[in-house]
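The values are calculated or read from the model by the stated rules, or taken from the named source; none is laboratory data. Quick caveat: nothing in here was measured; it's all calculated off a predicted structure. Cβ coordinates were reconstructed from backbone atoms using ideal geometry, including for glycine residues, and neighbour counts include every protein chain displayed.
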Amino acid sequence: MVDCWRTLQELGPFGSDAFPWMAQETEALRATLARWCGVPPQRLALTENVTSGCVLPLWGLPFQPGERLLLSDAEHPGVVAAITELARRQGLAIDRFPVQRARTGAAVLEALEEHLQPGTRLVALSHLLWNTGLPMPIEAVADRLSSHPLQPWLLVDAAQAMGSLALGAVPDRADIYAFTGHKWCCGPEGLGGVVLSQRLLDAGSPTLIGWRSLADEGQGSSPWQPDARRFEVATSCLPLGAGLRASLAELELCGTDGEREALIGQRSRRLWEGLCAHPALEPLLQEAPPASGLVSFTAPGHDPQQLVRALARRGLHLRVLADPPCLRACTHVVTTDEEIDTLLTQLDALLATGQTT
Ligand SMILES: Cc1ncc(COP(=O)(O)O)c(C=O)c1O
């Protein structure tokens, strides 16, 4: 990132050599992210984060008053708020379908089936639930929606999936597949991306508009970029892209996406087994270890906030989730067995002594 910034200063940020170099850097990043998502670069827009990747294309979709938006009960509050406000402004109805307690893809599809209505125009479902860590059957959902008379748009929040799961064809099957570089990709904050379907590019309008949304500075027959770039806005921080490309290259050194997913799963299983074996700890997923690196659990009778604070003082950083109330640990490819065992030992000591302050 520092090298990128230095080159920019040496070229002169507004110098005539800078612009082609910046365009080259940006397109290299787009190509890398598109390769990770298994889609052509023309369908990938660069964003700042997951939320803007969900919201910018969503707000440009053509809805009719009275149409319905169907959200899972495990979507992130920021995305839910944006969808709720869109519904209020455009006279749309909101429905919810329960996935948080579903434990299989079949149960998720059953819940979807029960809540899909003839007027459903959009379904929002995360690829990997941020609370339970369960992967959602996005391809099967896409198949189901394609036989619905309105062929509802499929919005997929991939905040927890990009960089942790082997994505396969999933990004290609969604209309909006939004992710960030700063979570499982281990990149810097402030840079993300969104994969858009061709039908969304054909039907959707840009929402937050700036010079990057324009082709030929708006002088052509259509002002907009012919591809996903029409959802990009204006100047952003180029060194973030260098950082993200470097972190993705580091991750690729750890193995293929399938190998990384398996490594993450080995580590989360070790933690999950330790939690299961402890009489005072209860993993949210009781039946089988998480398929991802998100490991959520409760410590009945103990305040989760206090527990998280006490663990942080010992160098172990977990977080509290409100719905369902629990603690969540993340294991990535860099997490060591020793770290997992230390977490289990520290949890045991804290619960035994009650010293969570
Ligand atoms: C599932 C999910 N969606 C969205 C977000 C928000 O991410 P961002 O700040 O990149 O928009 C998060 C952050 O934790 C998340 O877990």
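Is there any pair with a first residue in the stretch 118-144 that is away from the ligand (no atom under 16 Å from the Cβ) and a second that is among the charged types (D, E, K, R) whose Cβ atoms are under 6 Å apart and which are 6 or more apart or on different chains, and what are they?
Pairs that qualify, where the first residue is away from the ligand (no atom under 16 Å from the Cβ) and the partner is among the charged types (D, E, K, R), are GLY119/GLU67; GLY119/ARG68; THR120/ARG68; ARG121/GLU67; GLU139/ARG173; ALA142/ARG173.
Please find, within the stretch 96-118, the residue that is surrounded by the fewest Cβ atoms within 10 Å (Cβ to Cβ) out of those that are among the charged types (D, E, K, R), under 25 Å from PRO325 (Cβ atoms) and in contact with a helix residue (DSSP H, G or I) (Cβ under 9 Å, 6 or more places away or on another chain).
Only one residue tops the list, namely ARG101.
If you scan the stretch 175-206, which residues turn out to be within 30 Å of SER222 (Cα to Cα), more than 13 Å from the chain's Cα centre (by Cα) and crowded, with 20+ Cβ neighbours inside 10 Å?
ASP175, LEU196, SER197, LEU200, LEU201, GLY204, PRO206
Being closer than 12 Å to ARG267 by Cα and of a type in the set (A, V, I, L, M, F, W, C) is the filter; apply it to the stretch 323-345 and report the residue that is surrounded by the fewest Cβ atoms within 10 Å (Cβ to Cβ).
Here the answer is VAL334.
I want to confirm something. Restricting to the stretch 33-48 and keeping residues that are in a helix (DSSP H, G or I) and in contact with a Gly (Cβ under 9 Å, 6 or more places away or on another chain), which single residue is nearest to the ligand (Cβ to nearest atom)?
LEU33
When both residues are 6+ apart or on different chains and their Cβ atoms are under 7 Å apart, which pairs have a first residue that lies in the stretch 49-60 and is closer than 11 Å to LEU191 by Cα and part of a loop (DSSP other than H, G, I, E, B), and a second that is within 9 Å of the ligand (Cβ to nearest atom) and not acidic (Asp, Glu)?
Listed pairs, sorted by first residue: ASN49/THR180; ASN49/GLY192.
Would you confirm whether or not the stretch 287-303 contains a residue that is at pLDDT 95 or above and assigned to a helix (DSSP H, G or I)?
No, the conditions are met nowhere in the stretch 287-303.
Identify, from the list PHE97, PHE63, the residue that is away from the ligand (no atom under 16 Å from the Cβ) and touching a Ser or Thr at 6+ places or on another chain (Cβ under 9 Å).
Step by step, each of PHE97, PHE63 is checked, and only PHE97 is away from the ligand (no atom under 16 Å from the Cβ) and touching a Ser or Thr at 6+ places or on another chain (Cβ under 9 Å).
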